[in-house]
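Enquirer: I have a structure here, written as structure tokens, and I will follow up with some questions on it.
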Protein chains: 2
Amino acid sequence: MSLLVTGSIGIDTVTTPFGVSEGCIGGSAVYFSMAASYFAPVRFLGVIGDDCPFDLRDAFRDKTVDLTGLETRPGSKTFRWKGSYHGDMNEANTEDVKLNVLGERPPLFPDTYRDTKYVFLANTAPSLQMELLENIDHPQFVAADTMNLWIENEREDLLELLDKIDMLILNEGEARLLTGQKNLVTAAQDILKMGPRVSIIKKGEHGSLMVDSNGDCFMLPAYPTTVVIDPTGAGDAFAGALMGYLAKIGKIDVMSIRNAMVYGTVAASFAIGDFSIHGIKAVELSRIEDRFDFLRKVTQF
Amino acid sequence: MSLLVTGSIGIDTVTTPFGVSEGCIGGSAVYFSMAASYFAPVRFLGVIGDDCPFDLRDAFRDKTVDLTGLETRPGSKTFRWKGSYHGDMNEANTEDVKLNVLGERPPLFPDTYRDTKYVFLANTAPSLQMELLENIDHPQFVAADTMNLWIENEREDLLELLDKIDMLILNEGEARLLTGQKNLVTAAQDILKMGPRVSIIKKGEHGSLMVDSNGDCFMLPAYPTTVVIDPTGAGDAFAGALMGYLAKIGKIDVMSIRNAMVYGTVAASFAIGDFSIHGIKAVELSRIEDRFDFLRKVTQF
């Protein structure tokens, strides 16, 4: 199935206990596409300014990522994010954000993307997520991410969006904020009442959980890696491999969603193993399969 | 195999979002024994003062718990703990502790306990844990719990204890404090270098993880319960069912430790479902088995 992602492309400056990565490639759509492309071709939709110091065509050279939807907007500046990680590295401290081109009109939508079947709307204003979704004629499975800013300030738009999507993927803090529930299983169940038929909560080093409207429930630990260099993009890599796998097999059922989450978890474990996109960019599929098997081995009883 | 637990018996006052339970039965040895007795008879070792408002013989009436080692010390006062839970209920706020009889000499050790094979040393001063252990002639498998207080203030004693035990069970904050490692897999591995051949880290609502000196690794989510009334004793119920199951099957191998952790997780899920010991006291074994099967169902892929 065809898979489209729309999200950010960023110039990131990240500080972790392992060093500083200054002005490196980042952004949700970038991490998502890197991970998803191991499973299915990706249609990329995003916008940068003419100040962007790196060439995305170069970054995606060996990947099956269609960059028709990459708009370089003259006179605009690329989105920038500066953040750091400390302690258990589960949460980023945002030190500076410059929305720049992301605060302007959305990227131009190529006609060749209109027949897309699987869609991932990475975190941005829910009104913009809806506007982007309207460009697609007959989407079959739509997933979205969101964040505290929209839950707090654009709740009505967000609820409207939730009614239009099939799956919401968000982290534990966001799930608690959205539902007012402390218990994450209850929070995930409450999200189903808001529209999506699949609700996935990411818990960083503690893994993820899923409930769906058929009553299925799935609890998955994180991959037990000891190499955590830079957590940036872990959630987007998770969503990327998850959606990439679903688009590849073309069916949404209990075991396909579970396996997709395992591939997502494995992709995240590679993403955090190095700065910027280096961790997720250069993995052989065989190593992804090895970690899939290992995660099964360390969770079965 | 015979199983002995030594730990606290407490008069607890607990406040959670669901109410207040004042002056109720608590203590690590009590929760442990309740959970362990579903699997194997328990030899109980603990001391109370003559002020204790409840009758432990009554509480354990239908349970296979040998109370020969329950000492009621005239003129002494029972241990008291007052605490509360807020927010995600993962951590207790201790409001008041009165060590009372726990600050005096250890309980009298019955001769009939000397041939015990499986031993659990619940959290107390490591020098005391060692002293208690010396009463046992030929222990086959010794597990212990500890806490921040001893890690910070009695580190040498604790390291001496770790060299004498087979398994350490502690929570994530304690594991990080003991090892100086933020990454929990690394922390669990570092604990193996300190002596134990099995290292288990409890993560509350996020489950638990285990590594052992044979290179095995096991990651287990928590049971996905939505009923969390009072988390007190969850960790002790976890350890109780875990050790009870190991004592029952009488062998320590990869699958027995994994299954033991699953039973521990299930016991904890019942313990937190009501105030004091009510949640873990009145469960039929069939309901424990049902949750064991359910946990497998929601984790397999």
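Enquirer: From the phi of every residue in region A:138-149, what ³J(HN,Hα) in whole Hz does the Karplus formula 6.51 cos²θ - 1.76 cosθ + 1.60 yield, where θ is phi - 60° and glycine or proline is x?
Expert: Karplus-based 3J(HN,Hα) across region A:138-149 equals 9, x, 9, 8, 10, 10, 9, 10, 8, 8, 3, 3 Hz.
Enquirer: On a C-alpha basis, how far is the centre of region B:242-287 from the centre of region B:94-155 in Å? Whole number, if you could?
Expert: 21 Å
Enquirer: Once B and A are treated as a pair rather than alone, how much accessible area drops out, both sides summed, in Å² to 100, probe 1.4 Å? Don't jump to the answer; show the numbers that get you there.
Expert: Values: alone 13050 and 13020 Å², together 23220 Å².
The summed interface area works out to 2800 Å².
Enquirer: Round to a whole number: what % of the accessible area of the protein assembly as shown belongs to carbon and sulfur, probe 1.4 Å? Provide the component values of the computation, followed by the final result.
Expert: On the way: 11020 of 23220 Å².
The nonpolar share, carbon plus sulfur, comes to 47 percent.
Enquirer: Let me ask something else about it. Taking the Cα centre as origin and putting +1 on Lys and Arg beta-carbons and -1 on Asp and Glu beta-carbons, what dipole magnitude results for chain A, to the nearest 20 debye?
Expert: Details: 28 positive and 41 negative charges, 124 e Å.
Dipole about the Cα centre, nearest 20: 600 debye.
Enquirer: If you count the DSSP beta bridges with both ends in region A:1-143, what percent of them are antiparallel, to the nearest 5? Write out the running numbers ahead of the final one.
Expert: Values: 12 of 36 bridges.
Percentage antiparallel, nearest 5: 35.
Enquirer: Turning to a different aspect of this structure: Determine ³J(HN,Hα), in whole Hz, for all residues of region B:174-183 in sequence, where each value follows from phi through the Karplus function 6.51 cos²θ - 1.76 cosθ + 1.60 and θ = phi - 60°; x replaces Gly and Pro.
Expert: The phi angles translate into 5, 4, 5, 5, 5, 9, x, 9, 7, 6 Hz.
Enquirer: In terms of the Cα gyration tensor, with a ≥ b ≥ c the square roots of its eigenvalues, is chain A rounded because a/c is under 1.5, prolate because a/b exceeds b/c, or oblate? Before the final figure, lay out the partial values.
Expert: Numbers: a/c = 1.27, a/b = 1.11, b/c = 1.15.
It comes out rounded by the Cα gyration axes.
Enquirer: List the residue from chain B whose beta-carbon is nearest to the axis that rotates chain B onto chain A, together with that distance in whole Å.
Expert: Nearest to the symmetry axis by Cβ: B:206, 2.
Enquirer: Suppose every K and R has +1 on its Cβ and every D and E has -1 on its Cβ; what is the size of the dipole of region A:200-301 about the Cα centre, in Debye to the nearest 20?
Expert: Working: 10 positive and 11 negative charges, 23 e Å.
That gives a dipole near 120 debye.
Enquirer: Looking at the protein assembly as shown, send over the antiparallel percent of its DSSP beta bridges, to the nearest 5. Please list the in-between numbers first.
Expert: Numbers: 42 of 107 bridges.
Antiparallel: roughly 40 percent of the beta bridges in the protein assembly as shown.
Enquirer: If each label sits 7 angstrom from Cα along the C-beta direction, how far apart, in nm, is residue A:296 from its counterparts in the other copies?
Expert: The answer, with the shortest distance listed first, is 1.7 nm.
Enquirer: Amide H neighbours of residue B:2 under 5 Å, at least 5 residues apart or on other chains, H built in the peptide plane: list them.
Expert: Sorted by chain and number, the residues that satisfy this are B:117, B:118.
Enquirer: Considering protein heavy atoms only and a 1.4 Å probe radius, which residues within region A:284-301 exhibit an accessible-area decrease of no less than 50 Å² in the full assembly relative to the chain by itself?
Expert: In region A:284-301, residues shielded by partner chains: A:298, A:301.
Enquirer: Hey, what's region B:3-298 come to in accessible area per residue, 1.4 Å probe, Å²? Let's see the in-between values first.
Expert: On the way: 11360 Å² over 296 residues.
For region B:3-298, the solvent-accessible area averages 38 Å² per residue.
Enquirer: For the protein assembly as shown, what is the charge dipole size about the Cα centre, in debye to the nearest 20, if Lys and Arg each add +1 at the Cβ and Asp and Glu each add -1 at the Cβ? Show your work: numbers first, answer last.
Expert: Numbers: 56 positive and 82 negative charges, 216 e Å.
Using only the charged Cβ atoms, the result is roughly 1040 debye.
Enquirer: For chain A, what's the relative contact order in percent, using C-alpha pairs closer than 8 Å and at least 6 residues apart?
Expert: Numbers: 660 pairs, mean separation 56.0, N = 301.
Once divided by the residue count of chain A, the mean separation gives 19 percent.
Enquirer: How many percent of DSSP beta bridges within region B:158-242 run antiparallel, rounded to 5? Walk me through the numbers on the way to the answer.
Expert: Details: 9 of 14 bridges.
The answer is about 65 percent antiparallel.
Enquirer: Among B:209, B:67, B:45, determine the one that fluctuates most according to a GNM of chain B built with springs between C-alpha atoms less than 10 Å apart.
Expert: Greatest mean-square fluctuation among the candidates belongs to B:67.
Enquirer: How many nanometers, to one decimal and shortest first, lie between the label point of residue A:256 and those of its other copies, if labels sit 7 Å from Cα toward Cβ?
Expert: In ascending order, 4.3 nm.
Enquirer: Between residue A:53 and the same site in the other copies, what are the distances in nm, shortest first, taking label points 7 Å from Cα along the C-beta direction?
Expert: Residue A:53 label point versus its equivalents elsewhere: 6.7 nm.
The values are calculated or read from the model by the stated rules, or taken from the named source; none is laboratory data. Everything quoted here is computed from the prediction, not taken from an experiment. Positions of Cβ are backbone-derived with ideal geometry, glycine not excepted, and every protein chain shown enters the neighbour counts. SASA here: full protein model, heavy atoms, side chains in, ligands and nucleic acids out. Shrake-Rupley method; radii C 1.70, N 1.55, O 1.52, S 1.80 Å.
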